[in-house]
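Here the structure is laid out as structure tokens; the discussion comes afterwards.
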Amino acid sequence: MTLGKAVTKAVIPAAGLGTRFLPATKAMPKEMLPVVDRPAIQYVVEEAVRAGLEDILMITGRGKRALEDHFDREPGLERTLELKGDRDRLAMVREASELGPLHYVRQGEPKGLGHAVLRASQHVGDEPFAVLLGDDLIDEAEDLLTTMMEVQRRTGGSVIALIEVDPAQISAYGCADVTPVAGETYVRVNSLVEKPAAGEAPSNLAVIGRYVLHPSVFEVLEDTPPGRGGEIQLTDALQTLAAGEGEGSGVYGVVFKGRRYDTGDKLSYLKAVITIASERVEFGEELKIWLKGFIN
Ligand code: G1P
């Protein structure tokens with residue numbers, strides 16, 4: 001019986017090719033693109049650790065070695081900084097390697113998000129687990145993941161995060177049809193569809209990249225045929241769980257109203273970098289003054 005088991009593991013799919021950022025990602029993983037002074041992926045790992053998930057599995061692939069290096073110790077660099085007495089930088093360099101045990105498994109073939117998540121089955125075993133996608137950064141002050149873990153514990157199903165989007169944008173996301181649950185802040189997900197055409201979407205509620213999943217999703221993924229774009233879609237597996245009955249079925253949604261930054265394409269990445277930079281105490285105010293002048 002999985003109901004009530006604590007979530008302790010996070011899975012971070014990071015095998016995507018990053019074609020939207022070529023040529024920057026020709027020789028570098030897209031997850032390493034800097035957001036101010038840390039690679040985007042570090043924000044995601046830090047979010048998982050803040051939520052108490054210190055056992056992290058990253059699904060990587062060919063050309064992703066920089067991810068492992070980033071989260072590993074770098075004794076040569078650390079010694080140089082130590083000799084220089086540069087304690088601040090030394091602390092920042094060490095921070096990334098102190099984020100708890102990171103594990104890695106390669107996806108092997110780029111067969112979609114559902115296929116990537118399925119690669120985590122052996123590591124995760126028979127426990128609910130979190131999935132964090134690197135394109136979505138959630139503001140540090142929000143506790144979305146903790147809320148989702150609580151909903152998972154209470155419902156025993158799987159939990160997705162949703163945001164309201166302009167109906168014209170829904171075709172870039174998974175989309176959910178939901179029903180409110182009396183007396184609760186979460187909703188019940190009736191059905192899900194991956195990247196529907198604007199006119200065919202059941203709602204304007206878009207799936208964002210945070211999930212807390214019941215392990216029965218693995219069995220469902222094994223039997224999920226390729227869907228949208230010829231890829232095995234996590235959304236399709238969740239649709240099966242939403243429509244199913246019995247242990248592990250049932251999908252619930254937490255509608256997120258907080259701050260989220262999208263780093264998924266060039267324009268939204270630039271907006272994310274500027275927003276996050278403008279909030280840094282070291283130079284945020286100066287940046288905002290400069291931006292005003294630049295616009296004028
Ligand atoms: C994936 C999911 C999609 C979700 C999105 C959130 O799509 O398949 O359902 O809405 O992440 O970022 P991708 O952006 O990887 O194409």
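Data for the structure
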{"quantity": "Long-range HN-HN contacts of Lys9 with modeled amide H, under 5 Å", "calculated": "Ala130"}
{"quantity": "Percentage relative contact order, segment 158-234, counting C-alpha pairs under 8 Å, at least six apart", "calculated": "37 percent"}
{"quantity": "GluC sites (Glu not before Pro) within segment 191-296, DSSP loop, no more than 15 other Cβ atoms inside 10 Å", "calculated": "Glu245, Glu247, Glu279, Glu282"}
{"quantity": "Calculated FRET value between Glu54 and Trp290, using beta carbons and R₀ = 30 Å, to 0.05", "calculated": "0.15"}
{"quantity": "Extension gain from Glu127 to Ala198, taking 0.36 nm per residue of separation minus the Cα-Cα distance", "calculated": "22.0 nm"}
{"quantity": "Cross-link pairs Lys5/Lys195; Lys64/Lys271; Lys26/Lys257; Lys9/Lys64; Lys9/Lys288 - those with Cα-Cα distance over 30 Å", "calculated": "Lys5/Lys195; Lys26/Lys257; Lys9/Lys288"}
{"quantity": "Relative contact order for segment 96-217, counting Cα pairs under 8 Å that sit 6 or more residues apart, in percent", "calculated": "33 percent"}
{"quantity": "Chain lengthening between Phe283 and Val36 when straightened (0.36 nm per residue, less Cα-Cα)", "calculated": "87.8 nm"}
{"quantity": "Options Ala242, Ile160, Ile41, ranked by Cα towards positive dipole end of the chain, top entry (Cβ charges)", "calculated": "Ile41"}
{"quantity": "For segment 270-278, Karplus couplings with θ = phi - 60° (6.51, -1.76, 1.60), whole Hz, Gly/Pro x", "calculated": "4, 4, 4, 4, 5, 4, 5, 5, 6"}
{"quantity": "Check: the chain dipole with +1 on Lys, Arg Cβ and -1 on Asp, Glu Cβ, in debye", "calculated": "640 debye"}
{"quantity": "Mean-position separation - Cα centroids, segment 254-268 and segment 98-139, in angstrom", "calculated": "20 Å"}
{"quantity": "Distant-in-sequence amide H partners of Ile138 (H built 1.01 Å from N, under 5 Å)", "calculated": "Tyr261"}
{"quantity": "In degrees, nearest ten, helix 87-97 long axis to first principal axis of the chain (Cα)", "calculated": "30 degrees"}
{"quantity": "The chain - mean residue ellipticity at 222 nm from DSSP helices (-39,500 (n - 2.57) per run, n ≥ 4, rounded to 500)", "calculated": "-9500 deg cm²/dmol"}
{"quantity": "Whether segment 133-207 is rounded, prolate or oblate, judged on the alpha carbon gyration tensor where a/c under 1.5 counts as rounded", "calculated": "oblate"}
{"quantity": "Pairwise centroid distance, computed over Cα atoms, of segment 62-93 with segment 195-230, Å", "calculated": "38 Å"}
{"quantity": "Highest-fluctuation residue, Pro225, Pro13, Pro23 considered, GNM on the chain with Cα pairs under 10 Å", "calculated": "Pro23"}
{"quantity": "Segment Thr185-Arg73, length gained on full extension (0.36 nm per residue, minus Cα span)", "calculated": "36.1 nm"}
{"quantity": "The chain, relative contact order in percent, only Cα pairs under 8 angstrom and at least six apart counted", "calculated": "21 percent"}
{"quantity": "Amide H contacts of Gly156 (H built 1.01 Å from N, under 5 Å, at least 5 apart or other chain)", "calculated": "Gly4"}
{"quantity": "Cα gyration tensor shape for the chain, rounded if a/c is under 1.5, else prolate or oblate", "calculated": "prolate"}
{"quantity": "Rounded tilt (10° steps) of 75-84 against the dominant C-alpha axis of the chain", "calculated": "40 degrees"}
{"quantity": "Net charge of Cβ neighbours under 15 Å - reference Glu127; Lys, Arg +1; Asp, Glu -1", "calculated": "-2"}
{"quantity": "Those GluC sites (Glu not before Pro) in segment 40-120 that DSSP places in a loop and that have at most 10 other beta carbons within 10 Å", "calculated": "Glu98"}
{"quantity": "Gyration tensor (alpha-carbon) shape descriptor, segment 160-265, a/c threshold 1.5", "calculated": "oblate"}
{"quantity": "Antiparallel content of DSSP bridges confined to the chain, in %, to 5", "calculated": "60 percent"}
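Read-outs throughout are calculated quantities, based only on the coordinates presented, and are distinct from any laboratory measurement. From a predicted model like this one, the values you see are computed outputs, not experimental measurements. FYI the Cβ positions are ideal-geometry reconstructions off the backbone, even for glycines, and counts take in every protein chain you see.
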